[in-house]
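Notes to accompany the following structure.
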Amino acid sequence: MNMNKKIAISISIIAVLLLYLVVTNIRHSGDMPDLPEMAAGADEIILTGSGGVVTLIKKDGKWTTGENGYPADTRKVGEIEKRFREVRLTDLISSKGYYARYDLTPDKYGEVIIKSKGAILRKFKIGKKSPTNRHTFIRIGDRPEIYLAEGTFDFVLNKTPEDFREREMVKIPPENVSGITIQYRGRTFDFFRSPIKKAGDASGQKSGTAWGDWSCRGYEGVTLDNARVNALIGVLNPLRASSFPEMKNEVMPPKVCTVKVTTTRKESLLTLYNKGDEYIATTSESPYVFGVAKWGIEKLLITGIDSFKAPAKK
């Protein structure tokens with residue numbers, strides 16, 4: 001082997017070694033800690049912040065919130081599980097503290113603990129956002145290091161148990177409704193319709209219920225606009241709570257209106273009350289009193305049949 005070949009081989013070996021050292025150093029300097037797997041589903045989530053402590057607990061397959069075990073919004077709880085299961089650390093910021101600079105002191109940070117059968121799956125202290133508002137400074141558990149995590153976490157910070165309560169109080173799709181009766185200001189409007197036979201598909205199977213036109217008892221001679229009656233029912237698909245007033249020691253205020261909805265499976269009752277300038281409600285679908293937004297619920301306060309008449313044919 002001539003001298004030039006030996007030199008070339010030596011240079012190649014040195015280059016490979018240098019590349020290995022560089023790559024090793026890069027991997028070491030950018031090394032992110034391995035977070036524990038979240039293969040098991042969570043059954044407890046504890047959020048601590050300026051709003052106090054929020055505890056979400058799964059009982060009999062359903063999430064609850066607060067000391068009274070109110071039903072929790074499963075979509076919001078699922079978002080917490082998903083975000084912290086998939087949390088991505090992008091950089092090590094400091095291993096020596098400087099917590100005040102990143103709002104990671106006890107008086108500033110929010111804490112998230114996710115458990116399964118008592119074992120901690122995730123524990124983070126959440127500080128302030130990065131200057132770009134696209135990342136957040138965090139600590140993992142009680143470790144001293146400060147990391148930069150992808151995304152922001154406002155959805156778990158400074159919350160109260162009420163923020164996680166299930167707000168969908170009634171959900172009645174119009175296509176399942178055979179009747180709706182509204183009593184308001186001493187008048188009753190009883191809308192009804194009947195199912196009609198529907199031809200089956202090629203396999204002979206029927207695909208849902210087909211309905212006749214809407215009518216109103218006492219106004220059978222009036223041709224109604226089906227879409228307008230369906231829009232009335234749409235107020236309840238779904239009806240969401242705007243608040244949950246505490247009524248334990250209060251007598252219910254004056255009743256405003258009752259709405260009975262009959263579907264192919266059951267009857268549901270909604271009762272509206274005036275509480276000052278607002279409306280509160282009860283429903284047979286839930287044991288809780290809840291507030292409702294005016295802009296939607298006032299569509300149910302009907303005083304005449306004229307707004308439901310079908311347009312005159314030209």
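The simple spin-label model puts a point 7 Å past each Cα toward its Cβ; for Asp34 and Lys313 those points are separated by 7.5 nm. Once log10 I(q)/I(0) by the Debye sum over Cα atoms at q = 0.07, 0.10, 0.11, 0.16 Å⁻¹ is calculated for the structure shown, the corresponding label among (1) -0.51, -0.79, -0.87, -1.21; (2) -0.38, -0.68, -0.77, -1.21; (3) -0.28, -0.56, -0.68, -1.35 turns out to be (1). To put it simply, the accessible area of the chain at a 1.4 Å probe is 51 percent carbon and sulfur.
Heavy atoms of the protein chains alone define the surface here; on that basis the chain has 61 Å² accessible area per residue at 1.4 Å probe size. Checking the cross-link pairs Lys76/Lys123; Lys58/Lys115; Lys96/Lys129; Lys197/Lys260; Lys58/Lys248 against a 21 Å limit on the alpha carbon distance flags Lys197/Lys260; Lys58/Lys248 as lying beyond it.
With respect to the chain, whose longest principal axis is taken over its alpha-carbon atoms, helix 74-85 is tilted by about 10°. Calculated mean residue ellipticity at 222 nm for the chain: -5000 deg cm²/dmol, from DSSP H runs with n ≥ 4 weighted as -39500 (n - 2.57), summed, divided by the residue count and rounded to 500. A straight line joining the Cα centroids of the stretch 143-185 and the stretch 244-287 runs 19 Å.
The values are calculated or read from the model by the stated rules, or taken from the named source; none is laboratory data. Remember, predicted model here, so these are calculated numbers, not experimental data. Cβ atoms come from the backbone with ideal geometry, glycine included; neighbour counts cover every protein chain shown. The area values use the complete protein model at the heavy-atom level, side chains included, leaving out ligands, DNA and RNA. Shrake-Rupley method; radii C 1.70, N 1.55, O 1.52, S 1.80 Å.
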